[in-house]
Amino acid sequence: MRSDTQIPLPKGWPNRIRSGIIHVISLAHFSLTVARSVAANSINARIGLKAENSRLRQEVAILIEEARIKDSRMERIPAQRRPHYPPIERMAILELRAARGWSLSQTARRFLVTPATIASWNQRLDEEGPGALVQIREPVNKFPDFVRYIVRRLKVLCPAMGKVKLAQVLCRAGLHLSSSSVGRMWTEPLKPRSEPESAVRVVTAKRPNHVWRVDFSTVPIASGFWAAWLPWALPQCWPFCWWIAVAVDHFSRRVMGSAVFEERPTSKAVAMFLGRVTRKARATPKYLITDHGKQFAVDTFKRWCDRKAIRQRFGAVGKYGSLAVIERLIRTIKDEGTRRMIVPYCRDAFRRELSLFIGWYNGHRPHTWLDARTPDEAYFGRPAACCAPRFEPRRRWPRGSPCAQPQVKIRGRRGARIEVQVSHLAGRKHLPIVELKRAA
């Protein structure tokens with residue numbers, strides 16, 4: 001009797017090794033997602049912390065692998081043909097070196113240059129003029145240097161903001177800049193976004209709580225839904241994703257409420273969610289606009305709307321703009337919220353994160369449709385912060401000359417030196433609150 005046991009392998013198995021590796025990794029991703037979701041909701045807090053620690057370690061390892069792959073491509077290019085760092089990026093590298101405490105060789109190894117290059121940057125750090133080897137951010141218009149530096153630092157700290165949004169944030173803080181000026185102050189101006197040629201049908205709301213919109217969407221927990229086996233996607237339910245429902249007031253663009261579900265919500269669940277929102281707002285909309293989802297088309301939901309004296313309307317199928325407001329809101333929640341954090345497995349934790357984002361969106365984020373006002377200002381009829389007196393950092397600017405919209409009076413004297421202060425709501429880095437104050 002033979003002591004070793006031979007496992008029969010399928011014919012031609014060496015030709016399937018690479019496909020097998022992809023399937024194994026995808027299956028491991030599936031299994032880890034399920035296991036971590038159970039641990040995150042465990043009664044034992046230590047198990048939850050270990051699961052979160054494991055998830056963060058995996059995230060760090062994946063980011064390191066991404067950087068290694070990108071660096072390996074650059075390493076194959078001869079050193080003489082590699083693109084040079086611009087003067088501003090050289091300053092950023094030296095700042096990072098000081099923050100990390102790297103030596104010359106460590107810094108050179110990280111950024112694929114020689115130690116002599118880093119040493120040369122350090123020696124020529126205090127050079128002045130446009131030809132300086134290392135430069136900080138400089139303006140291209142008549143504003144002082146520190147204004148351009150503030151704009152670029154805000155772009156680094158708040159990368160989700162475009163030039164229009166950033167101009168509106170600074171306008172509310174007291175510094176009036178046009179969006180074109182903000183675009184020129186960046187290293188690479190944003191390309192203008194083309195508008196659709198077809199006419200946009202706009203639903204007119206005459207006052208707050210006149211027209212509401214409601215919709216729901218999925219938020220992936222494990223980064224995505226792709227799988228290496230049929231049907232090539234993970235189930236769209238917990239622990240792979242959360243379902244979120246949001247209701248928005250069309251007049252003020254204010255988020256009236258949100259809810260989190262483990263699976264696609266039913267018509268009864270949506271009706272209960274809207275009931276909680278109306279009780280909290282102490283108001284009921286006259287019109288409720290939804291899509292043609294089966295949750296909204298059933299008789300039970302229609303009867304609930306009739307009891308509340310709400311007129312339900314459906315968005316036009318195949319027409320641009322019929323549901324643009326609620327769809328743009330959901331995209332903003334994902335782009336500026338959920339995709340900038342590690343989505344938790346625990347429902348209470350995710351509800352807390354979603355509530356923080358909605359509070360920041362309503363109270364601190366200027367809305368382009370509202371001319372830099374926040375949804376709370378439009379909903380409650382509060383004075384807009386962008387209409388308060390502004391700072392004027394240009395000493396010789398004529399007091400009566402117009403500024404960037406909206407045009408307001410100057411606060412104090414001209415030539416004021418100001419500094420930017422960026423705080424974060426509840427310590428969340430993706431929820432910035434920008435303030436400008438006079439420099440001492």
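Normalised by the number of residues in the chain, what is the relative contact order in percent for Cα pairs under 8 Å and 6+ residues apart?
RCO, the chain: 15 percent.
Along each principal axis of its Cα atoms, how long is the chain end to end? Whole angstroms, biggest number first, please.
89, 75, 49
Mind scanning LYS163/LYS334; LYS206/LYS286; LYS286/LYS334 and naming the pairs with a C-alpha gap bigger than 21 Å?
Correct reply: LYS286/LYS334.
Kindly state, to the nearest 0.05, the FRET efficiency for MET74 paired with ALA283, given R0 = 60 Å and r defined as their beta-carbon distance.
Rounded to the nearest 0.05, the efficiency is 0.55.
In nm², what is the average projected area of the convex hull enclosing the Cα atoms of segment 208-322?
That works out to 8.3 nm², a quarter of the Cα hull's surface.
Exposed loop sites here are GluC sites (Glu not before Pro) in DSSP loop states with at most 12 other C-beta atoms within 10 Å. What is the longest stretch of the chain lacking them?
In the chain, the maximal stretch lacking such sites is 263-440.
Which order do ASP145, ASP126, ASP71 fall in if you start with the one that has the fewest other Cβ atoms within 10 Å?
Neighbour counts put them in this order, fewest first: ASP126, ASP145, ASP71.
What residue among SER423, SER401, SER355 shows peak mean-square fluctuation when the chain is described by a Gaussian network model with Cα springs under 10 Å?
SER401
Hey, what's the Kirkwood Rh for segment 84-123 if you take every pair of different alpha carbons, in angstrom?
Computed over segment 84-123, the radius equals 9.9 Å.
Would you mind counting up the charge near ARG76? Only other residues with Cβ under 14 Å from its Cβ, with Lys and Arg at +1 and Asp and Glu at -1.
Net local charge, ARG76 excluded: +3.
Computed from the coordinates by the stated procedures, all read-outs in this text should not be read as laboratory data. As the structure is a computational prediction, the values presented were derived from the model and not from experiment. Ideal geometry is used to build each Cβ from the backbone, glycine not excepted, and the neighbour counts take in all protein chains shown.
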